[in-house]
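The structure appears right after this line, and notes come after that.
The values are calculated or read from the model by the stated rules, or taken from the named source; none is laboratory data. Note that the structure is predicted; figures quoted are calculated from it, not measured. Every residue, glycine among them, receives a Cβ derived from its backbone with ideal geometry; neighbour counts consider all protein chains shown.
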Amino acid sequence: MSTHPFDEALQLQAAGEHRWRGTPHAAYWNMVGPFGGSTAATLLQAVLLHPELLGTPLSLTVNYAGALTAAPFEVEARPVRTNRSTQHWSITQTQPGDDGQPVVATTATVVTAARRDTWSLSDVPMPAVPAPATVEPVTLFSGVEWVRRYEMRPVRGPVPRRWDGQGEDSVSQLWMRDAEPRPLDFCSLAALSDVFFPRVWLRRATQVPAGTVSITTYFHAGAAELAQTGTGYLLGQARAQEFRNGFFDQNAQLWNEAGTVLATSHQIVYFKQ
């Protein structure tokens with residue numbers, strides 16, 4: 001049986017206490033460097049492989065300090081404090097610089113938690129949208145390899161067909177899942193939280209350079225919700241709140257087909273005027 005490309009991208013080899021080595025995967029390549037969602041998933045994977053892990057992911061914050069190259073990288077994932085219910089992690093990803101010395105490419109923090117059954121309520125109902133099978137998938141790819149790894153069916157706010165500066169709002173809704181079926185887990189959920197194209201493209205209908213500076217994903221799902229979702233679709237919704245002085249923010253929600261919120265995310269994105 002062949003290995004799913006996402007699992008290939010997540011492969012890490014132990015390199016000492018708190019350290020792992022890996023290589024960016026060509027299947028998840030973006031215009032410059034790997035897709036940020038795959039990088040986030042790789043850093044989370046380092047925590048999930050750690051022998052001192054407590055519980056399951058609660059939050060993941062990734063700060064993209066510089067573009068990764070195709071060269072091998074090293075990840076240090078260190079638990080900095082463990083409490084009865086939560087565990088706090090500091091993560092650094094480095095690659096060799098021109099002088100051979102390690103250069104920081106990405107930093108991250110992760111909080112894991114021992115979840116307990118408590119009173120629960122969703123205050124963000126899933127929007128009423130057409131079923132995935134009734135929505136046409138995106139079939140045009142602009143040479144960006146990672147987009148081919150996902151099946152995406154836009155309900156609202158697709159990539160503009162005309163770059164005429166006449167955008168009306170920044171809201172997108174789309175059904176999404178791995179193009180090659182793969183059961184959902186925390187790493188793939190982290191990656192899917194970052195599949196949305198830059199909100200500035202939609203709001204301005206102008207294709208300007210843009211890139212995520214920092215993204216935080218909050219995991220509301222546990223093992224039961226992930227198992228229930230399986231290889232099914234997620235509905236993602238994203239919108240920006242403010243565009244100013246070269247940066248904009250974005251918030252997003254991801255539901256499974258049963259209407260359960262699996263994750264929410266917030267990010268700050270650089271754009272060029």
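Have a look at Arg162, Arg177, Arg156, Arg148 and point out the one that is surrounded by fewer than 16 Cβ atoms within 10 Å (Cβ to Cβ), of a type outside the set (A, V, I, L, M) and within 16 Å of the chain's Cα centre (by Cα).
Exactly one residue qualifies, and that residue is Arg148.
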Checklist entry - Does Arg177 meet the test of being closer than 24 Å to Leu12 by Cα, modelled with pLDDT of 95 or more and assigned to a strand (DSSP E or B)? => result yes
Next on the checklist: So for region 216-239 (the condition being free of Cβ contacts under 8 Å to residues at least 60 places away in the same chain, among the polar types (S, T, N, Q) and assigned to a strand (DSSP E or B)), does at least one residue qualify?
Outcome noted: no
Item to check | Residues being surrounded by fewer than 16 Cβ atoms within 10 Å (Cβ to Cβ) and either more than 22 Å from Pro34 (Cβ to Cβ) or without any contact (Cβ under 8 Å) to a residue 24 or more places away in the chain (or both) - total across region 95-114 | outcome: 6
Checklist entry - Residue check: is Gly259 surrounded by fewer than 16 Cβ atoms within 10 Å (Cβ to Cβ) and outside any helix (DSSP H, G or I)? => result yes
Item to check | Answer from Ala128, Ala133, Ala191 - the residue that is aliphatic (A, V, I, L, M), part of a helix (DSSP H, G or I) and free of Cβ contacts under 8 Å to residues at least 60 places away in the same chain | outcome: Ala133
Item to check | Number of the condition not met by Gly143 [criteria: (1) touching a Phe, Trp or Tyr at 6+ places or on another chain (Cβ under 7 Å); (2) part of a loop (DSSP other than H, G, I, E, B); (3) surrounded by fewer than 17 Cβ atoms within 10 Å (Cβ to Cβ); (4) not β-branched (Val, Ile, Thr)] | outcome: (1)
Checklist outcome for this item: Considering residues that are buried (at least 17 other Cβ atoms within 10 Å of the Cβ) and among the hydrophobic types (A, V, I, L, M, F, W, C), the number found within region 165-174 is 1
Checklist entry - Is it true that some residue in region 230-246 is out of contact with any Pro (no Cβ under 8 Å at 6 or more places or on another chain), surrounded by fewer than 19 Cβ atoms within 10 Å (Cβ to Cβ) and among the charged types (D, E, K, R)? => result yes
